C-alpha cells in the first residue's frame, strides 16, 4: 500500500529502541479485558483497523491490533497518521528553545520571527491556543490539499475581504488554532537554522528511539479511509504533504513509537526535556470555555478530568485517521490508540477505557519511601518543620529531598491554601517559591530576630507563627496584651 507522496529521504524501517526501565506485563485477565475494549472500538466504530498500546512504569506492557493490518507486521509497528499529536512534539521542540535560553515564553512571536499575522501573541499564547488566531488556514481545506498552495507564512493566512486572521485579542480566550502551530514550527526553523522536521528528528525523535515517526508514510502503514456514516462502504482519503502546516498535524507514527513518547511525557528525559518542563506543559494555561470545565489546554497538551484524575496528552485527526495519546501521571500509566477512519471510532474514549481497565485491575504501587539524601537534611531546615499557625489556622511544614518544602493545613482540611515550595537561589533573593494553588509564585521566607532565632515565616505578607498569634513574633497589628484569657467574661 502506498499513498500520494513519499519522504524526501525515507529512512529504512528500524527495530524499535529498547524501552527504558523494568515493567511487569499485564495479567491474563487484564489482557483479555483490554482486547475486548479494542474489539468493541473497532467493531462499533466501524474502523478498518485499530491499534492500541498501554504504557506502565516507562515501557509498553500491552499492545494489539484489530481489523485489516498489513500481513506479517507487528501491529505496534504499523504507521498511522497522528494528526494533532504532532502539536505536542512541536511544543517539545519549542520548550527546548526556552530551556536553552533562546526564547522566553512571554516574548511576542514577532520578536523572533517576521510574520504577517500573530506577531503580537506571546509564544506561550500560541502554545496554549490563546493567541486569538483563526482556527484554520485560509484557502482550500488544508488537510486535503498540497502544501504548495501555501509556500510562505503569508499564504497560510491570506487577506480575504471582510475577514481577519486575528479572531480574538491575544490572551483573552482559548481558541484552537492550527495556523498558530505553523508559526511555532517556523520559529523552530528560524532559530535552529534547519527545517522543522529535521530539528524534530535530531532533537526529539532520535533520542527517544522514535525511528518510525516520519513526515511521510513508510511501509508497513495503514491506508486512510472514509467510512460512509449510514452504509458499510468506504472510499480512500487523500494523504498530502501539508507543507507549512506540517507542525500542526503532518506526522505518521506507530503505537510503539508513541508508547516511547508517552513514557517520555510521564517522566521526562534530560536529553530532550526534563520532568519540570513537562509538568509546566501539563499545567492549564488558559481557562476553558464555560461548557468545558472538564477539559483544558496547557502548553501543547490537552487536559481532561476523568474519574477524579487529570489526564494529559493529545488527540489527533487527519482525513482517514484518528489517534490519541493519553497519560495519567498520578498512576504512571499511558495509553495509545490509532485507527484509519475519518470518523466513527473515538480514540480518546478507547484510550481512557484502557487506562481505566489497567488502573482498576492492577492499581499502581506507591513509590517506596526512602530517606532524603544526607546533604538535604540541613538541621536548620529540619528544625523548621512541624506546626505553624496563620492566625488561628493550624498548618504543618514538611521538608523533602532537594530542600523542597510543603506548607498545608493540618489534617489536610482546606488544602486549597497549601502548596509545595522549591528553593530559590540566593541571587534571586533566596527563600522558597510556591508551586501550586493560592501560593503559586509567592515567596516563603524565614524571618529571624537579631540573635538569629526564628521569629516567623513570611508568605506573601502572611505571617505564620509557632503558636496562634505568638506574642513573641512580629504579628501585624500585634497580639492582644492580655493574651488568650483576656477576653473571658467572669
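No value in this document is a laboratory result; all are computed from the given coordinates. For clarity, every value in this text was computed on a predicted model and none was experimentally measured. Here the Cβ positions follow ideal geometry from the backbone for every residue, glycine too, while neighbour counts run over all protein chains shown.
To the nearest 10 degrees, how steep is helix 28-44 against the longest Cα principal axis of the chain, on a 0 to 90 scale?
Once rounded, the angle reads 60 degrees.
Can you give me the relative contact order of the chain as a percent, contacts being Cα pairs under 8 Å and 6 or more apart?
It comes to 16 percent, rounded to a whole number.
Between residue 462 and residue 39, take the C-beta separation as r, use R0 = 60 Å, and let me know the FRET efficiency to the nearest 0.05.
That gives a FRET efficiency of 0.60.
Between residue 173 and residue 454, 0.36 nm times their residue separation minus their Cα-Cα distance comes to what?
96.7 nm
Run the numbers for residue 148 and residue 330: contour at 0.36 nm per residue of separation, minus the present Cα-Cα distance, in nm.
So the extension gain works out to 61.1 nm.
Once the Cα atoms of region 146-238 are picked out, what are the Rg and Dmax in Å?
Looking at region 146-238, its Cα Rg and Dmax stand at 18.2, 50 Å.
Pull out the extension gain between residue 400 and residue 422, defined as 0.36 nm times the separation in residues minus the alpha carbon to alpha carbon distance; nm, one decimal.
Result for the pair: 6.9 nm of gain on full extension.
Taking the Cα centre of each part, how many Å lie between region 317-372 and region 429-490?
45 Å
For region 248-267 and region 175-224, what is the centre-to-centre distance using only Cα atoms, to the nearest Å?
Going from one Cα centre to the other spans 12 Å.
Among DSSP beta bridges lying fully in the chain, give the percent that are antiparallel, nearest 5.
95 percent
Modelling each spin label as a point 7 Å along the Cα-to-Cβ direction, I'd like the residue 440/residue 111 distance in nm, to one decimal.
Reported label-point gap for residue 440 and residue 111 is 2.2 nm.
Looking at region 72-163, what % of the alpha carbon pairs are farther apart than 17 Å?
Summing the P(r) of region 72-163 above 17 Å gives 63 percent of all pairs.
Of the peptides 59-69, 168-178, 83-93, how do they stack up when ordered by the mean number of other Cβ atoms within 10 Å, highest first?
83-93, 59-69, 168-178
Give the Kirkwood hydrodynamic radius (Å, one decimal) of region 374-485, defined as one over the mean of 1/r across all pairs of different Cα atoms.
Kirkwood hydrodynamic radius for region 374-485: 14.6 Å.
Note the angle between two axes, namely the Cα long axis of helix 85-99 and the longest principal axis of the Cα atoms of the chain, as a number of degrees from 0 to 90, rounded to the nearest 10.
Helix 85-99 sits roughly 50 degrees off the main axis of the chain.
How many nm is it between the label spots at residue 99 and residue 291, if each spot is 7 Å from the Cα in line with the beta carbon?
3.8 nm
Could you work out [θ]222 nm for the chain from helices alone, using -39500 (n - 2.57) per DSSP H run of at least four and dividing by all its residues? Round to the nearest 500 deg cm²/dmol.
Rounded to the nearest 500, it is -6500 deg cm²/dmol.
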